[in-house]
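The block underneath contains the structure these notes are about, expressed in structure tokens.
Just so you know, all these numbers are worked out from the coordinates, no wet-lab data involved. All values derive from a computational prediction rather than experimental measurement. Here Cβ is always computed from backbone atoms with ideal geometry, including for glycine, and neighbour counts include all displayed protein chains.
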Amino acid sequence: MKKEIVKKPAALFSLALLLAGCRYDLPAVDAGSVETHSFVGGMDQATMTKLSSAQIKALAEWFSAHPMGWSYRIADMAPGAFLYLKHAGQNVAGVNLRPEGIYVASYFRALTAAEHAQLESMIATPKN
């Protein structure tokens, strides 16, 4: 009977961890750029654009509001929009925004269409 009582809390704790998913907290960020790719004449062309302080703030707020629901996943794939995020001149995070979700470090979070559109609008280059 004692073993059974000990096993149940451990099983419940394990189940709670699985259901909750992993947590990801973005390090402090004060600068960054976004690399986007397009095909021109059949050739891949990368464009690098510096993110504004308003864009950095919006991204930090989004990550702060979405710390849960991440899973550990190592992926090697072409980037959608790739963000290079920095703090005090040092790279602190590489973020790959793809249609199926967002990859950062060794973590992944699936995105709804609305979340993806929200992130895309945050990193969009203002049109003049």
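Apply the Debye scattering formula to the stretch 53-99, with a single equal point scatterer on each alpha-carbon and no solvent, then give log10 I(q)/I(0) at q = 0.14, 0.17, 0.18, 0.29 Å⁻¹.
Cα-only, vacuum Debye calculation for the stretch 53-99: -0.42, -0.63, -0.71, -1.30.
Please compute the modelled spin-label separation between A46 and Q118, points set 7 Å along Cα→Cβ, answer in nm with one decimal.
The two pseudo-label positions are separated by 2.9 nm.
Measure of size requested: the Rg and Dmax of the stretch 22-123, with Cα atoms as the atom set and Å as the unit; please supply both.
Just the Cα atoms of the stretch 22-123 yield Rg and Dmax of 13.4, 42 Å.
Once phi is turned into θ = phi - 60°, what whole-Hz ³J(HN,Hα) does the Karplus curve with 6.51, -1.76 and 1.60 give for every residue of the stretch 46-62, x standing for Gly and Pro?
Each residue of the stretch 46-62 in turn: 8, 10, 10, 10, 6, 7, 6, 5, 5, 5, 4, 4, 4, 5, 4, 5, 5 Hz.
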